[in-house]
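Trainee: First the structure, which I've put down as structure tokens, then a few questions once you've had a look.
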Amino acid sequence: MKFYTKWVAVVLIVFTLGCKETPEEPGLSLPTNLETTLIEDNAKKGLVKASISADNANYYQIWFELPNGEFEEGVMNGGESQFTYYDSGMYVVKFRAHVTDRDFSEVIDSIHIVFKEPSINDGYTTPKNYPGYNLVWADEFEGNMLDETSWTYETGRGEWGWGNNELQYYQSGTNNCTVENGLLTITAKAQAAGDANYTSARIKTQGKREFKYGRIDIRARLPKTQGLWPALWMLGADFGTEGWPACGEIDIMELVGHLPKEVFGTAHWGSTAPSKSHSRKYRLTDGSDFSDSFHVFTLLWEENNMKWLVDDKQYNELAYNNTFPFNDDFFFIFNVAVGGQLPGNPDATTRMPQSMQVDYVRVFQPQ
């Protein structure tokens, strides 16, 4: 079995004190008795909290070193500030207690940020068999290339940005889609291609692997950042003739990158766009998010009923009848979209590249 997770540790390394011997303006006294703190907030990985106090100070600044060696001033709330790191490294933090803009005392500290992947055995998993079911198809992504007997790449910009004004150009090949170390990895990049400024990948099983009913388990670790929309979903096999939404859509998992603790399970249907839909969300409450480790997203699908689960916990259900399109064959689509009406476009907070990793997809049907 293949597992993957991410943890962060922040270690205080150096403490030095430096201040000017004399102020720039005559008659001024520099701040004294500087006290600073620099800690990691363990509830949110990569978040560093800092504070400063001093005698004879009019205001404070705290500057955080960036990976490129430049510094960014933290937003101050009195003598407190905070900053979130996303990359490993040793970083300097400067604390300044000001009398004037040019007259200040300074403490220089440093922290060591380590993002690491310590164990392949973390995260939730599900078995390869269930009583009363047969495993009818699975992709465990054990090779070194995408199995094109099961999957097809979709490429380009689609119509109207894949119907959502999205910004990515979907590419085939290993630039954005790799299979190695037992994982399918789909990566969105800030990279120009065609008339787009972002690239990603979208793969489907249309015409190759199509199913009706059963238990579907997909084990995945999801990306997080503003402007990303990873999805594990299905479309009706008659999409080519019926179109959307008449063919039906089953979203086993969707996440918008600025809400990394929440996933959605949704069904779409209807004779014309916009679709009719039914949707519920599942939220992690243990302080983690869906980028921290693998979770299993499950669809329990039978005639006239569907249930959605995360890590074997049900959070959504839809009962329907034969006027709905969900008693027919469907195929899989896995993709990571960038921008659009949902989830919104990347902004200054967006971190690229970002990847969705899939450990396995398994389809079980009743015996």
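Trainee: Inside segment 161-208, counting only strands (runs of 3 or more DSSP E) that do not spill past its ends, which hold 1 or more residues that are among the hydroxyl-bearing types (Ser, Thr, Tyr)? Working first, answer last.
Mentor: Values: elements: 168-170, 177-180, 183-188, 198-200, 202-204.
Output list reads 168-170, 177-180, 183-188, 198-200.
For (1) surrounded by 15 or more Cβ atoms within 10 Å (Cβ to Cβ); (2) under 30 Å from LEU28 (Cα atoms), each residue gets a yes or a no:
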| residue | (1), (2) |
| --- | --- |
| GLY74 | yes, yes |
| HIS112 | no, no |
| TRP151 | yes, no |
| ASN164 | yes, no |
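Trainee: Let me ask something additional. State all residues of segment 244-293 that are in a strand (DSSP E or B), over 17 Å from THR323 (Cβ atoms) and of a type in the set (Val, Ile, Thr); if no residue qualifies, say none. Steps first, please.
Mentor: Just the residues of segment 244-293 that are in a strand (DSSP E or B), to begin with: 249-254, 262-269, 276-283, 293.
Those left that are additionally over 17 Å from THR323 (Cβ atoms): 251-254, 262-266, 279-283, 293.
Listed by number, the residues that qualify are ILE252, VAL263, THR266.
Trainee: So, one more: Can you tell me which of THR266, THR272, THR285 is polar (S, T, N, Q) and under 20 Å from ILE333 (Cβ atoms)?
Mentor: Exactly one of THR266, THR272, THR285 is polar (S, T, N, Q) and under 20 Å from ILE333 (Cβ atoms), namely THR266.
Trainee: With the requirement that a residue be among the aliphatic types (A, V, I, L, M) and without any contact (Cβ under 8 Å) to a residue 40 or more places away in the chain, what does segment 300-324 give you?
Mentor: LEU309, ALA319 - these are the residues of segment 300-324 that are among the aliphatic types (A, V, I, L, M) and without any contact (Cβ under 8 Å) to a residue 40 or more places away in the chain.
Trainee: Which members of segment 76-97 meet the condition of being among the hydroxyl-bearing types (Ser, Thr, Tyr) and either surrounded by fewer than 18 Cβ atoms within 10 Å (Cβ to Cβ) or part of a strand (DSSP E or B) (or both)?
Mentor: Step one: of segment 76-97, the residues among the hydroxyl-bearing types (Ser, Thr, Tyr) are 81, 84-86, 88, 91.
Passing the criteria: SER81, THR84, TYR86, SER88, TYR91.
Trainee: Regarding segment 303-318, can at least one residue be identified that is modelled with pLDDT under 95 and either surrounded by fewer than 17 Cβ atoms within 10 Å (Cβ to Cβ) or among the polar types (S, T, N, Q) (or both)?
Mentor: Checking segment 303-318: not a single residue is modelled with pLDDT under 95 and either surrounded by fewer than 17 Cβ atoms within 10 Å (Cβ to Cβ) or among the polar types (S, T, N, Q) (or both).
Trainee: Which of the following residues is more than 20 Å from the chain's Cα centre (by Cα) and not aliphatic (A, V, I, L, M): SER277, SER293?
Mentor: That would be SER277, the only listed residue that is more than 20 Å from the chain's Cα centre (by Cα) and not aliphatic (A, V, I, L, M).
The values are calculated or read from the model by the stated rules, or taken from the named source; none is laboratory data. What you are looking at is a predicted structure, and each value in this text was computed from that prediction instead of being measured. Please note: Cβ atoms are built from the backbone with ideal geometry, for glycine as well, and neighbour counts cover all protein chains shown.
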